[in-house]
1. Before we move on, is ALA130 of a type in the set (A, V, I, L, M, F, W, C), under 11 Å from the mean Cα position of the chain (by Cα) and within 17 Å of ASN152 (Cβ to Cβ)?
2. In region 80-101, how many are in a loop (DSSP other than H, G, I, E, B) and closer than 23 Å to SER142 by Cβ?
3. Picking from PRO113, PRO104, which residue would you name as being in a loop (DSSP other than H, G, I, E, B) and surrounded by 15 or more Cβ atoms within 10 Å (Cβ to Cβ)?
4. Quick one: would you say LYS123 is out of contact with any Phe, Trp or Tyr (no Cβ under 7 Å at 6 or more places or on another chain) and of a type in the set (Lys, Arg)?
5. For region 55-66, indicate whether the set of residues that are in a helix (DSSP H, G or I) and either in contact with a helix residue (DSSP H, G or I) (Cβ under 6 Å, 6 or more places away or on another chain) or not basic (Lys, Arg) (or both) is non-empty.
6. Among the residues of region 18-35, is any surrounded by 16 or more Cβ atoms within 10 Å (Cβ to Cβ), among the small types (Gly, Ala, Ser) and either within 25 Å of VAL170 (Cβ to Cβ) or modelled with pLDDT under 95 (or both)?
7. Mind checking which residues of region 47-63 are in contact (Cβ under 8 Å) with a residue 12 or more places away in the chain and surrounded by 13 or more Cβ atoms within 10 Å (Cβ to Cβ)?
8. Of the residues SER45, SER93, SER115, SER38, which is under 24 Å from LEU178 (Cβ atoms), modelled with pLDDT of 85 or more and among the hydroxyl-bearing types (Ser, Thr, Tyr)?
Amino acid sequence: MPLPQGAQRYTYADFCSWDDGERWELVDGAPYAMAPPSRFHQSISSNLHIQLGQFLKGKPCKVYASPIGVWLNTGTSGDTVFQPDIVVVCDDSKLDDSGIIGAPDMVVEILSPSSVRQDRLVKLLEYQKAGVREYWIVDPDSRTTSVHVLENGKYTINMYGDEGIAPVHVLEGCEISLPDLFEL
């Protein structure tokens, strides 16, 4: 998404210098303020983090909850930085004290009224382009989860309701209990 003519373009280095107490993301150098999440949003995030954390205990992959910076184009000149709700990283070389450099193996975004367009369109395309192998979009309002799995450079989509289980494709044997995910 190009910036309007004459608009200030920001980089990851600029992003790191902002200390205004607010959460921001960058898309192609354009800053986007992030609204505070709802209690149900935070409950879903916590429930998923617990399930993934239990599965990954003693395994090489790690799960992280927001706020953690993910910059998809590397280096401090990078101009796309996201703060996903949940990320799973299986390659330690992508971990840095300031966040995650490059594509995580799995990203989860939990929709908020202010983030629907960003999460379903902008981030989906950016994550696909960067090579994020699995991208979940959890919708608290409809209590649904769309699971996007990267195959040949494009996402295939599976939809789940709030019953049963959803497999995590990048973590063999990992299954997420959907009733537990949506428990408040």
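The values are calculated or read from the model by the stated rules, or taken from the named source; none is laboratory data. Just so it is clear, the structure is predicted and the values come from calculations on it, not from any experiment. Glycine gets a Cβ as well: all are built from the backbone with ideal geometry, and neighbour counts include every protein chain shown.
1. Details: of a type in the set (A, V, I, L, M, F, W, C): yes; under 11 Å from the mean Cα position of the chain (by Cα): no; within 17 Å of ASN152 (Cβ to Cβ): yes.
No, not satisfied.
2. Summing the residues that are in a loop (DSSP other than H, G, I, E, B) and closer than 23 Å to SER142 by Cβ in region 80-101 gives 2.
3. On the way: PRO113 fails: surrounded by 15 or more Cβ atoms within 10 Å (Cβ to Cβ).
On inspection, the qualifying residue turns out to be PRO104.
4. no
5. Yes: one or more hits.
6. yes
7. Those that are in contact (Cβ under 8 Å) with a residue 12 or more places away in the chain and surrounded by 13 or more Cβ atoms within 10 Å (Cβ to Cβ): ASN47, LEU48, HIS49, GLN51, LEU52, PHE55, LEU56, CYS61, LYS62, VAL63.
8. SER45
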